[in-house]
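Participant: Below is a structure I'd like to ask you about.
Bear in mind that the values in this text are calculations on the coordinates, not laboratory data. The structure displayed is predicted, hence computed values, not measured ones. All Cβ positions, glycine included, derive from the backbone under ideal geometry; neighbour counts span all protein chains shown.
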Amino acid sequence: MKSIVILISGRGSNMEAMLKAKLPCRIAAVISNRPDAAGLGIARSHGIATAVVAHAEHASRELFDAALGAEIARHQPDLVVLAGFMRILGDEFVRRFHGRLVNIHPSLLPSFPGLHTHRRAIEAGVRIHGCTVHFVTPTLDNGPVIIQAAVPVYADDTEDTLAARVLAQEHVAYPQAVRWLVEGRLMLTGDGRVLLDGECRNAAVLLVPQSDDSLLHQPLSPARERGAT
Ligand code: GAR
């Protein structure tokens with residue numbers, strides 16, 4: 001059975017979704033860069049070993065990355081799962097775990113990398129938003145897509161309502177992606193393609209949320225748009 005290490009920085013709801021999904025793998029440890037991360041308590045309550053590698057206690061990114069890498073390596077995981085881990089990892093770290101380091105980002109990448117994705121989606125006026133699980137590469141919030149989940153953006157959405165809608169899909173998409181990985185069904189090829197069951201399906205699987213009648217707007221035909229009858 002494969003083993004994974006999950007890295008968190010805060011609440012840990014994606015981590016918890018993974019624990020509840022009863023994935024066919026051993027969760028060797030949950031590691032946080034913040035000692036006060038609420039997710040640490042959740043992990044412990046599930047009997048999972050936890051550790052803290054506090055970024056604030058390291059003088060540079062390189063030293064932090066090295067300490068984090070050493071703590072992860074102690075567990076010899078097959079996969080390192082970033083679940084709301086809010087530190088940028090350096091190139092050397094990313095290369096070290098290449099092909100077995102995955103992340104979830106709360107937007108449909110490549111739209112809205114970085115922070116405040118829900119606010120920016122509302123400000124941009126997009127109608128569709130979502131989340132992306134991807135392999136991590138040295139470029140921030142980039143890297144081959146494993147799975148994406150889309151949700152509608154409503155006219156009266158606030159940052160919080162949209163975040164909650166996306167988060168519910170994160171809790172479906174991320175355990176699914178990790179399940180494929182630990183079952184050995186999903187892999188990253190040397191040339192950066194994502195294979196599921198040996199096939200390149202462009203591996204972006206779109207989870208369309210339950211349809212809602214208000215969304216079922218039939219586009220007008222070109223003739224009707226011009227005002228013809
Ligand atoms: C999640 O929405 C995750 O997508 C996001 O942080 C949140 C963590 O929530 N990650 C990033 O923004 C990474 N760039 P959680 O701690 O409850 O899982």
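Participant: What does the helix-only formula give at 222 nm for the chain: each DSSP H stretch with n ≥ 4 adding -39500 (n - 2.57), the total divided by the residues, and the result rounded to the nearest 500 deg cm²/dmol?
Facilitator: Calculated mean residue ellipticity at 222 nm is -9500 deg cm²/dmol.
Participant: Also, I was wondering about something else. In whole angstrom, how long is each semi-axis of the equivalent ellipsoid of the range 123-182, when you take the square root of 5 times every eigenvalue of its Cα gyration tensor and sort them from largest down?
Facilitator: 24, 14, 8
Participant: Against the globular-protein guess of 2.2 N^0.38 Å, express the Cα radius of gyration of the range 1-105 as a ratio, rounded to two decimals.
Facilitator: 0.98
Participant: With r defined as the distance between the Cβ atoms of Asp78 and Lys22 and R0 fixed at 25 Å, what FRET efficiency is calculated, to the nearest 0.05?
Facilitator: For R0 = 25 Å, the calculated efficiency reads 0.90.
Participant: So, counting K/R as plus one and D/E as minus one, what does the shell of residues with Cβ under 13 Å around Arg100 add up to?
Facilitator: Net charge around Arg100: +2.
Participant: Any chance you could run the full-extension gain for Ala164 through Met86? It's 0.36 nm times the residue separation minus the Cα-Cα distance, nm to one decimal.
Facilitator: 26.2 nm
Participant: So for the range 30-145: antiparallel DSSP bridges make up what percent, rounded to the nearest 5?
Facilitator: 45 percent
Participant: What is the pair-distance distribution P(r) of the range 73-136, computed from all Cα-Cα distances in 5 Å bins starting at 0, with each bin given as a whole percent?
Facilitator: Distribution as computed: 4, 16, 24, 21, 14, 9, 7, 3, 1, 0 percent.
Participant: Above 18 angstrom, tally the Cα pairs of the range 1-48 and express them as a % of all pairs, no decimals.
Facilitator: When all Cα pairs of the range 1-48 are counted, 18 percent exceed 18 Å.
Participant: In addition: Enter the per residue convex hull volume of the chain, computed from alpha-carbon coordinates, in Å³ rounded to the nearest integer.
Facilitator: 153 Å³
Participant: Please report the antiparallel percentage of DSSP beta bridges with both residues in the chain, rounded to the nearest 5.
Facilitator: 45 percent
Participant: Taking all pairs of distinct Cα atoms, average 1/r, flip it, and tell me the Kirkwood hydrodynamic radius of the range 30-87 in Å to one decimal place.
Facilitator: With all distinct Cα pairs of the range 30-87 included, I get 12.0 Å.
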